[in-house]
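Read the structure below first, then the notes.
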Amino acid sequence: MAKSGHGHTPAAWTGVIIAFIGFCVTCVFIVAANPVGFWAGIALLGISAVVGGIMKMAGLGTPKDTPEIQRMREDAAAKVRARLEAQVG
């Protein structure tokens, strides 16, 4: 997964940090038997998804590959395959 860059963006990190805080708030208020605090934590979980999505739309998420980059990636993969086949056969 690390090679794909999955989650290594400001949008992802911000969304996860806000969700983690919301999760912690929710857990604390469950133990404290405080429904208002519990729902505030749940609201933070929803806010984390919204903030992450907005940041992704603003260009802080994983960029989409252009057709040129995709073609270059496919060409490189074909070269590697050809090299491996030459070594094996």
(request) Take Ala43 and decide whether it is at pLDDT 90 or above, more than 20 Å from Thr9 (Cβ to Cβ) and in a loop (DSSP other than H, G, I, E, B). (result) no
(message) Based on this model, can you work out whether Val36 counts as part of a helix (DSSP H, G or I) and surrounded by 10 or more Cβ atoms within 10 Å (Cβ to Cβ)?
(response) no
(message) I'd like to know if segment 56-78 contains one or more residues that are within 24 Å of Trp13 (Cα to Cα), of a type outside the set (A, V, I, L, M, F, W, C), part of a helix (DSSP H, G or I) and touching a residue at least 24 places away in the same chain (Cβ under 8 Å).
(response) yes
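The values are calculated or read from the model by the stated rules, or taken from the named source; none is laboratory data. If you're wondering where the values come from, they're calculated on a predicted model, not measured in any experiment. With ideal geometry, Cβ positions are generated from the backbone for all residues, glycine too; neighbour counts draw on all protein chains shown.
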